[in-house]
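All of the numbers you see were taken from the coordinates with simple rules; none came from a lab. This is a predicted model, so every value here is computed, not measured. Here the Cβ positions follow ideal geometry from the backbone for every residue, glycine too, while neighbour counts run over all protein chains shown.
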Amino acid sequence: MLLFAAFLPVVSASAISSLFGLNTLAFLRGKYIGTASEAVNIQNATSFGKAYGALATSLEFGIYTNENNLKWEVTEPQPGVFNFTPAEKLFAIAEKTGKRMRGHTLAWHSQLAPWVEASNFTADELKAVLKRHILTEVGHFRGRVYAWDVVNEAFNDDGTFRESVWFTTLGEEYIELAFRWARQADPHAKLYINDFNFESISPKTDAAVALIKKLKAKGVPIDGVGAQSHLIVGSVPTDFKAALQRFADLGVDVALTELDIRGDLPETPEKLQQQAKDFRTAIDACLGVKRCVGVTLWQFTDALSWIPGVFPTQGFGTPLSDKLQKKPAYTAIRDALLLGH
Ligand SMILES: *[C@@H]1O[C@H](CO)[C@@H](O)[C@H](O)[C@H]1NC(C)=O
Ligand SMILES: *[C@@H]1O[C@H](CO)[C@@H](O)[C@H](O)[C@H]1NC(C)=O
């Protein structure tokens, strides 16, 4: 980028990024860099926790996503009993430190309160349950959320709809209803459909494109597509940018909403170099698409990543080590923002 190229010879890239942070560099490119986190991570009193909190609240990040505390099992653990207290703590930190919030998530099959499936609701009952949940949760945070992941992981990889309780009880209509209720509850929040494997051209993204066209034709308020971007070292799709552009061409924003790039253990210097290239590819994909609004990391240190818990033979998926040291991936993100695409 010319702006930076002009003074790079006299000021090093690492000096620039430690002064300004990744989000500031992204802002100069019209994008954001965010992270998933929780208040309990940021307000952890250990020395690691203090260093983590300083980074999380610094100019490295401009937007947060609650990693878990806005999921149904936390926000409505019993029918009609809502709990926004844990999520609110991250909102409070965001508001104090000048960061925006993404809301994650409303209609999803996983981390759902068990009563929703166990009650064997009829279609009319389940519709009322989903409506109450969305109107209450989105209404509670009205005006404080930049974007909601309204519908999460609706598709199978073959492009059919996932057989969630939502789909099997309500059919495809649950998607349209969820978006309409979210808009009713907060007219200013951007409303997203979010999924994994949205990072390439595939039967899954063919189906998502067809759905979004249909929703837009019916006047359903959908504003964005979230590509979760839980990727694997050495296997980042080569058509990542093309896949994002195809969504953007439908007239919606796109975002990388949960970026991490995990590798097979053990971690080696070679794998960390490949991971850096892969992060660069991901950031470049967003930079190359005008309607890509930004990138959220799914935690920024290996110490707090979900990966080892779910993929026991894999790890090291984030740009900072478990000691909060910057890995080559961090430098790659910085360089992409300074110089990329
Ligand atoms: C607090 O920090 C310790 C390391 O000092 C870490 O093991 C723990 O996971 C952290 N807790 C939270 C909730 O982030
Ligand atoms: C729901 O249906 C399942 C399977 O038919 C049954 O075992 C269960 O008892 C039912 N639950 C309620 C709350 O009716």
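Scale the Cα Rg of the chain by the rule-of-thumb value 2.2 N^0.38 Å and send over the ratio, two decimals. Intermediate values should be presented prior to the final figure.
Details: Rg = 19.6 Å, N = 341, 2.2 N^0.38 = 20.2 Å.
Taking the Cα Rg and dividing by 2.2 N^0.38 Å, one obtains 0.97.
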In Å, what is the Rg of the alpha-carbon atoms in segment 124-167, and how long is Dmax?
13.1, 37
Looking at segment 286-325, which trypsin sites (Lys or Arg not before Pro) are DSSP coil and have at most 13 other C-beta atoms within 10 Å of their C-beta?
290, 323
Checking the cross-link filter: which aspartates and glutamates have an alpha carbon closer than 13 Å to that of residue 214, excluding same-chain neighbours under 8 positions apart?
172, 173, 176, 206
Mean Cβ neighbour count within 10 Å, used as a protection proxy, ranking 272-282, 147-157 highest first
147-157, 272-282
Magnitude of the Cβ-charge dipole (Lys and Arg +1, Asp and Glu -1) of segment 190-324 about the Cα centre, nearest 20 debye, reported as 620 debye
Calculated over segment 183-247: convex hull of Cα atoms, volume per residue (Å³):
87 Å³
For segment 97-168 and segment 215-237, compute the distance between their C-alpha centroids and round to whole Å.
16 Å
For a quick check, take a GNM of the chain with Cα springs below 10 Å and name the residue from 58, 229, 110 with the largest mean-square fluctuation.
110
For residue 218, go through the lysines and keep the ones whose alpha-carbon is under 30 Å away, minus same-chain ones fewer than eight residues off.
31, 71, 127, 131, 190, 204, 241, 290
Mind checking segment 84-131 for trypsin sites (Lys or Arg not before Pro) that DSSP puts in a loop (not H, G, I, E or B) and that have at most 13 other Cβ atoms within 10 Å?
none
Equivalent ellipsoid dimensions for segment 251-332 as semi-axes, Å, which come from the Cα gyration tensor, largest first
23, 14, 11
Suppose every K and R has +1 on its Cβ and every D and E has -1 on its Cβ; what is the size of the dipole of segment 2-339 about the Cα centre, in Debye to the nearest 20?
1180 debye
Relative contact order (percent) for the chain, with alpha-carbon contacts under 8 angstrom and 6 or more residues of separation?
17 percent
MRE, 222 nm, helices only [DSSP H, n ≥ 4, -39500 (n - 2.57), over the chain, to nearest 500]
-12500 deg cm²/dmol
Give me the lysines in straight-line cross-link reach of residue 50: C-alpha distance below 20 Å, same-chain residues under 8 apart excluded.
89, 96, 99, 323, 326, 327
For the pair residue 188 and residue 81, the simple spin-label estimate (label points 7 Å beyond Cα toward Cβ) gives in nm 3.4 nm
Tell me, what is the FRET efficiency for residue 19 and residue 214 to the nearest 0.05, using R0 = 51 angstrom and their Cβ-Cβ distance as r?
0.60
How high is the FRET efficiency between residue 115 and residue 135 when r is their beta carbon distance and R₀ equals 22 Å, given to the nearest 0.05?
0.75
